[in-house]
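K.L.:
My questions will all concern the structure given below.
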Amino acid sequence: DFAPSWQGERLKDQAQALELIKDSIDAGTPVIALGVVGPPEPCIITGYDEDGEVLTGWSYFQHEMDRNPDLEFEPTGYFRKGKWFSNLYGLVLAGERVAKPHPAEICRDVLTWAVELMHTPRAGRFPAGFDAYSYWIEALLFPDTAPDKLPQAMAILEPAIWDLAERRWYAAMYLEQMAVELPQLRHQFLEAAKSFQAIHDLMWEVNGQLRKTEGDSGMESIADPVVRRRIIGIIKRARQYDLQGAEQLAKLAAAL
């Protein structure tokens, strides 16, 4: 029931960030921060100490001490983080209370944004959206005479299949939920959910091609050009389902 205002890209310095954090916490509302502790993932800032030199809060990653060797903790279990600004990537602030929008309005905004993201070709210096599939495939097209490419190919492949599988699975779950909440478009929601569920399942097919064993993370499989060609074929199929899914989302957004 709050209207969020995105401030991350407009942050000039620590003083501005701290002012926003203090104003929100002093008003009784915690702040969602990207980064601060561990990777640039969301955490909750619940308070500040030493006039803002130290932030307190909770992060899923706060107990990964290899990422946070100097992190201290409150008796409550909240982290205490000094020198936090260098690891701050953005803030999400809760605005004034507003009337809760109709589910169709929320869903339309979600789907419109999703389609926009899927068609975004770059995220900073990294390929994104549908272009990321082409980069992914290119990374697997190295010749057999270049074994030095194996670690890079595996590093690109292994996290990506799980990230994509997880995100498309959540997309399918959301669309199935919308099929219940907005039954007038039930069939269209369920058909779109199938597209994203198919991508999730295809990523498990990729994992099956790696033939992992104890002591081998799949590197031997990646070294086989036949396996790489199979994986490339699966990735191309996933891209087609993603294109199909984006088109389905756009039609759903237009119908809401």
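K.L.:
Based on other C-beta atoms within 10 Å, arrange 74, 158 from fewest to most.
P.N.:
Least to most surrounded, the residues fall as 74, 158.
K.L.:
Quick one: angle between helix 129-139 and the longest Cα principal axis of the chain, in degrees between 0 and 90, rounded to 10, please.
P.N.:
Result, in degrees: 50.
K.L.:
Mind checking the full-extension length gain between residue 211 and residue 105? Use 0.36 nm per residue of separation minus the Cα-Cα distance, one decimal, nm.
P.N.:
33.6 nm
K.L.:
How long are the semi-axes of the ellipsoid equivalent to the chain, from square roots of 5 times the Cα gyration tensor eigenvalues, in whole Å, largest first?
P.N.:
Values for the chain, descending: 37, 28, 15 Å.
K.L.:
Here is a follow-up. Where in the stretch 68-113 are there trypsin sites (Lys or Arg not before Pro) that are in a DSSP coil and have at most 15 other Cβ atoms within 10 angstrom of their Cβ?
P.N.:
83
K.L.:
Given springs between every Cα pair under 10 Å in a Gaussian network model of the chain, which of 123, 171, 223 has the largest fluctuation?
P.N.:
In this elastic network of the chain, the residue with the biggest mean-square fluctuation among 123, 171, 223 is 123.
K.L.:
Can you list residues from other chains, or at least 5 along the same chain, whose modelled amide H is less than 5 Å from the amide H of residue 93?
P.N.:
5, 7
K.L.:
Could you work out the relative contact order of the stretch 103-255, using alpha carbon pairs under 8 angstrom and six or more residues apart, expressed as a whole percent?
P.N.:
Details: 158 pairs, mean separation 47.5, N = 153.
Value for the stretch 103-255: 31 percent.
K.L.:
Please report, in debye to the nearest 20, how large the charge dipole of the stretch 103-255 is about its Cα centre when each Lys and Arg carries +1 at its beta carbon and each Asp and Glu carries -1 there.
P.N.:
About 340 debye.
K.L.:
For residue 22, which aspartates and glutamates qualify as cross-link partners when the Cα separation must be under 15 Å and same-chain residues fewer than eight apart are set aside?
P.N.:
Answer for residue 22, where 15 Å is the Cα cut-off: 13, 49, 50, 51, 53, listed by chain and number.
K.L.:
So what is the diffusion coefficient of the stretch 1-110 in µm² per second by Stokes-Einstein at 4 °C and 1.567 mPa s, using a Kirkwood Rh over Cα pairs?
P.N.:
88
K.L.:
Note the angle between two axes, namely the Cα long axis of helix 186-209 and the longest principal axis of the Cα atoms of the chain, as a number of degrees from 0 to 90, rounded to the nearest 10.
P.N.:
70
K.L.:
Below 8 Å between Cα atoms, with a sequence gap of 6+, how large is the relative contact order for the chain in percent?
P.N.:
Across the chain, relative contact order equals 17 percent.
K.L.:
Amide H neighbours of residue 80 under 5 Å, at least 5 residues apart or on other chains, H built in the peptide plane: list them.
P.N.:
72, 73, 74
K.L.:
Another question, if that's okay. Cut-off under 16 Å on the C-alpha distance; same-chain residues fewer than 8 positions from residue 236 excluded. Which aspartates and glutamates are left, in chain and number order?
P.N.:
Cα-Cα hits under 16 Å: 131, 138, 201, 205.
K.L.:
Could you tell me what fraction of 2.2 N^0.38 Å the Cα radius of gyration of the stretch 103-255 comes to, as a two-decimal ratio?
P.N.:
1.16
K.L.:
Give me the dipole magnitude in Debye, nearest 20, for the stretch 47-90 about the Cα centre, with unit charges on the beta carbon: positive for Lys and Arg, negative for Asp and Glu.
P.N.:
It works out to roughly 180 debye.
K.L.:
Can you list the lysines whose alpha carbon is less than 16 Å from that of residue 194, not counting same-chain residues fewer than 8 positions off?
P.N.:
Hits, sequence-local ones excluded: 251.
K.L.:
Would you mind calculating the gained length between residue 83 and residue 63 on full extension (0.36 nm times residue separation, minus the Cα-Cα distance), in nm to one decimal?
P.N.:
Here the answer is 5.4 nm.
K.L.:
Along the Cα→Cβ direction, 7 angstrom out, place labels at residue 112 and residue 46. What is the inter-label distance in nm?
P.N.:
3.7
K.L.:
I've got another one for you. With label points built 7 Å along Cα→Cβ from the Cα atoms of residue 22 and residue 137, find their separation and express it in nm.
P.N.:
5.4
K.L.:
In terms of the Cα gyration tensor, with a ≥ b ≥ c the square roots of its eigenvalues, is the stretch 156-203 rounded because a/c is under 1.5, prolate because a/b exceeds b/c, or oblate?
P.N.:
Since a/c reaches 1.5 and a/b is larger than b/c, the shape of the stretch 156-203 is classed as prolate.
K.L.:
State to the nearest 20 debye the size of the charge dipole of the chain about its Cα centre, where the only charges are +1 on K and R beta carbons and -1 on D and E beta carbons. Please list the in-between numbers first.
P.N.:
Values: 26 positive and 38 negative charges, 221 e Å.
The calculation lands at about 1060 debye.
No lab work stands behind these numbers, since they all come straight from the coordinates. Everything numeric here is computed off the predicted structure, so don't read it as measured data. Cβ atoms come from the backbone with ideal geometry, glycine included; neighbour counts cover every protein chain shown.
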